[in-house]
Amino acid sequence: MPESDFRELTAAFNRLGGGRWSALKGLGIFSWVLVLIILIAALSTSVYSVAPEGKAVVKRFGRVIGVRDPGLHLKLPFGIDKDFFVPTERVLKEEFGFRTARAGRRTVYDTSPEHFEESLMLTGDLNVIDMEWVVQYRIADPVKFLHRVREPIDTIRDVSEAVVRSIVGNRLGSDVLTVGRVEIAAMARTEMQQILDSYELGVAVMTVELQDVTPPDEVKPAFNEVNESRQEKERLINEAEKARNQVIPKARGEADQIIAEAEAYKAERVNKARGEAARFAALVEEYRQAEDTTRRRLYIEMINRVFPKVDRIFIMGESGLSPLPLLDLQRDNAGMRRLEGGQ
């Protein structure tokens with residue numbers, strides 16, 4: 001082989017070997033970059049955090065493997081393990097008949113007509129009322145909440161609306177509008193909890209609060225007139241009860257006073273009569289022991305009681321002539337007064 005051909009063949013071989021080495025060198029760098037990307041992706045998909053207001057349900061190929069508390073946790077990367085956050089520590093609410101458009105110091109509510117069908121319902125006496133209410137609840141079991149029912153929020157709304165309509169439909173409209181609101185809310189909460197527990201939804205109903213309970217706008221004037229009439233009736237009844245409570249106790253008190261006075265007078269008369277009888281019996285007993293002395297003493301006591309009341313005493317003789325003044329107390333008293341005045 002000529003020397004020139006050998007040199008060309010050597011040069012070509014060198015060129016071919018250098019390119020393969022460059023290709024192998026480039027393939028090695030790409031592999032390292034790929035490994036690094038895989039490591040970063042694995043790290044980013046294997047670390048997750050749970051917010052303080054809830055818990056995370058971790059699934060592996062769709063099967064629940066655990067519930068994680070708030071904090072930083074690890075899982076298998078690349079979607080093998082998936083975490084689903086559930087706000088178990090937050091009190092959630094569902095609104096019926098309205099929506100909160102913007103919360104703040106002055107909350108703005110959305111009362112558009114599409115929400116009107118939720119709050120419009122029929123009472124037991126076939127009256128139509130407009131009732132707005134709020135259901136507050138908390139997720140007690142995140143696993144049941146995610147898996148037992150396909151649409152848990154819609155289920156809560158449907159159950160709440162059915163329960164409230166059932167309770168209102170068994171009551172009078174006047175009762176719903178006035179005194180029955182607290183009882184309706186308590187019954188709705190109890191029945192809702194029973195139904196949701198039967199569904200194993202994992203939800204604890206906190207409160208059911210009735211907001212505005214009013215008649216529809218078309219019949220509000222008639223309802224207002226009826227309410228005014230009922231209030232007037234209640235006012236008159238209260239005034240009558242007030243007068244009754246004033247008159248009857250007063251009459252009873254006066255009757256008791258008269259009875260007490262009669263009893264006291266009776267006791268006084270009886271006691272006085274008994275005392276007089278006892279005194280008379282004692283006098284009779286003394287009289288029997290000394291008749292002359294007792295007769296004289298009684299006579300003197302009688303004279304002492306009678307004489308001070310007598311102005312003049314006349315003694316008539318047997319001949320029936322002019323009377324002889326024995327004692328002229330009135331004149332003697334007048335003379336005494338003149339003498340005293342002169343002195």
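So which of GLU183, GLU218 ends up being without any contact (Cβ under 8 Å) to a residue 24 or more places away in the chain, under 18 Å from GLY97 (Cα atoms) and either assigned to a helix (DSSP H, G or I) or β-branched (Val, Ile, Thr) (or both)? Steps first, please.
Working: GLU183 fails: under 18 Å from GLY97 (Cα atoms).
Being without any contact (Cβ under 8 Å) to a residue 24 or more places away in the chain, under 18 Å from GLY97 (Cα atoms) and either assigned to a helix (DSSP H, G or I) or β-branched (Val, Ile, Thr) (or both) holds for just one of GLU183, GLU218, which is GLU218.
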Qualifying positions in region 148-175 - farther than 16 Å from GLN194 by Cα and not in a helix (DSSP H, G or I): ARG150, GLU151, ASN170, ARG171, LEU172
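Being among the aliphatic types (A, V, I, L, M) and more than 19 Å from ASP158 (Cβ to Cβ) is the filter here, so list the residues in region 178-224 that pass it. Full working, then the answer.
Pass one, region 178-224, residues among the aliphatic types (A, V, I, L, M): 179, 182, 184-188, 192, 195-196, 201, 203-206, 208, 210, 213, 219, 222.
Matches in region 178-224: VAL179, VAL182, ALA186, VAL213, VAL219, ALA222.
Here is a check on your reading of the model: is ASP130 over 22 Å from ARG63 (Cβ atoms), outside the structural domain of ARG68 (by TED's automatic domain parsing) and either surrounded by fewer than 19 Cβ atoms within 10 Å (Cβ to Cβ) or in contact (Cβ under 8 Å) with a residue 40 or more places away in the chain (or both)? Talk me through it step by step, then tell me what you get.
Working: over 22 Å from ARG63 (Cβ atoms): yes; outside the structural domain of ARG68 (by TED's automatic domain parsing): yes; either surrounded by fewer than 19 Cβ atoms within 10 Å (Cβ to Cβ) or in contact (Cβ under 8 Å) with a residue 40 or more places away in the chain (or both): yes.
For ASP130, the condition - over 22 Å from ARG63 (Cβ atoms), outside the structural domain of ARG68 (by TED's automatic domain parsing) and either surrounded by fewer than 19 Cβ atoms within 10 Å (Cβ to Cβ) or in contact (Cβ under 8 Å) with a residue 40 or more places away in the chain (or both) - is met.
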Would region 134-157 turn up any residue that is in contact with a strand residue (DSSP E or B) (Cβ under 8 Å, 6 or more places away or on another chain) and more than 30 Å from VAL58 (Cα to Cα)? yes
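Under the condition of being at pLDDT 90 or above and among the charged types (D, E, K, R), which residue from region 193-231 is farthest from VAL134 (Cα to Cα)? First the steps, then the outcome.
Initial filter on region 193-231 (at pLDDT 90 or above): 193-210.
Now restrict to residues that are among the charged types (D, E, K, R): 197, 200, 209.
Numbers: ASP197: 20, GLU200: 22, GLU209: 5 Å.
Step by step, filter region 193-231, then rank; the result is GLU200.
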Here's a check for you: in region 45-63, which residue that is in a loop (DSSP other than H, G, I, E, B) and more than 38 Å from the chain's Cα centre (by Cα) is modelled with the highest pLDDT? PHE61
Quick one: which of VAL149, VAL143, VAL176 is touching a helix residue (DSSP H, G or I) at 6+ places or on another chain (Cβ under 6 Å), in contact (Cβ under 8 Å) with a residue 40 or more places away in the chain and closer than 30 Å to ASP83 by Cβ? VAL149
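Taking region 71-107 only, how many residues are assigned to a strand (DSSP E or B) and loosely packed, with under 10 Cβ neighbours inside 10 Å? Even if it seems obvious, please write down each step before you answer.
Here is the first cut: in region 71-107, the ones assigned to a strand (DSSP E or B) are 71-74, 81-86, 92-96, 99-102.
With loosely packed, with under 10 Cβ neighbours inside 10 Å added as a condition, the list becomes 72, 102.
Within region 71-107, residues that are assigned to a strand (DSSP E or B) and loosely packed, with under 10 Cβ neighbours inside 10 Å number 2.
The values are calculated or read from the model by the stated rules, or taken from the named source; none is laboratory data. All of these numbers come straight from a predicted model, not from anything done at the bench. For neighbour counting, all protein chains shown are included, and Cβ atoms are generated from backbone atoms with ideal geometry for every residue, glycine included.
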